[in-house]
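This report concerns only the one structure given below.
Every number in this text was worked out from the coordinates using simple rules, so none of it is lab data. Given the structure is predicted, the values throughout are model-derived calculations rather than measurements. Glycine gets a Cβ as well: all are built from the backbone with ideal geometry, and neighbour counts include every protein chain shown.
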Amino acid sequence: MGPVNRKKLRKESSCSNIRAMLLDLGDLVVRSWRKSDLDALVRHANNPKIAANLRDQFPHPYTRRDGVDYLDFVREQNPERSFALQYDGEAMGGIGFQIGVDIARISAEMGYWLSENYWGRGLASRAAQAVSEWAFSEYKLTRVFALVFSHNVASMRVLEKAGFEREGLLRRSAVKNGVILDQVIYAKIR
């Protein structure tokens, strides 16, 4: 994985005048979600293994109605913070961040998911690395962090390969499917 400055980075305007994002990483593209992504979104997101490692707001089963609602929601974000991961011309995952408020406005929490069909190829690490660097620059952040369930070793490796460092363990800090879990916090600072 090379430095971000070797990658093509540009912003485009869409027809609806909502600023669109595009990070061209060669075979992998990070871009704004489109309404035409609906079928791919539902097909790839409807996986209990993905939902098991995300917040409860990511439903399972992931229905067509969920996809329509999500695409409507992300198109209304200002500033845009949720992006599609595209491989082979199709959206097959998502990545985004939540910018902090008030005294935490220089920080953002990042989250991501990837279709199981593409696990183990380094795509999530490349996307996390590129989007975190983009967020530092675009939103003048000093910190991007991510919370990972302590059993999700693959996601921890994604973050480590993307240049994030483990900062600590948040014991008994989350509940998923009725089970109380520990979370590991990773961060990248500038």
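Details
- Residues whose placed amide H lies under 5 Å from that of TRP33, excluding near-sequence neighbours: ALA84
- Between GLU90 and LYS35, the contour length at 0.36 nm per residue exceeds the Cα-Cα span by 18.6 nm.
- Derived scalar couplings between HN and Hα for the range 52-58 equal 5, 10, 10, 5, 4, 5, 8 Hz in order, rounded to whole Hz, by the Karplus curve 6.51 cos²θ - 1.76 cosθ + 1.60 (θ = phi - 60°), x for Gly and Pro.
- Here the range 4-189 is treated as an ellipsoid with the same Cα gyration tensor; its semi-axes, largest first and in whole Å, are 23, 21, 16.
- Neighbour counting of Cβ atoms within 10 Å sorts the residues GLU138, GLU109, GLU76, fewest neighbours leading, into GLU76, GLU138, GLU109.
- This ranking places MET156, MET92 by how few other beta-carbon atoms lie within 10 Å of each, fewest first, which gives MET156, MET92.
- Site pair ARG65 and ALA154 shows an inter-label distance of 2.9 nm when each label is modelled 7 Å from Cα along Cα→Cβ.
- The label-point distance for LEU170 and LYS140, in a model that sets each label 7 Å from Cα toward Cβ, rounds to 2.7 nm.
- Measuring spread by the Cα atoms of the range 120-170 yields a radius of gyration and Dmax of 11.4, 32 Å.
- Taking other residues whose beta carbon is less than 11 angstrom from the beta carbon of ARG190, and scoring Lys, Arg as +1 and Asp, Glu as -1, yields +2.
- Integer Hz, Karplus 6.51/-1.76/1.60 couplings in order for the range 25-37, x for Gly and Pro: 9, x, 6, 10, 10, 9, 8, 5, 5, 10, 4, 5, 7
- Relative to its residue count, the range 100-190 spans a Cα convex hull of 108 Å³ per residue.
- Entries of LYS35/LYS140; LYS140/LYS176; LYS161/LYS188 with Cα pairs more than 21 Å apart: LYS35/LYS140; LYS140/LYS176
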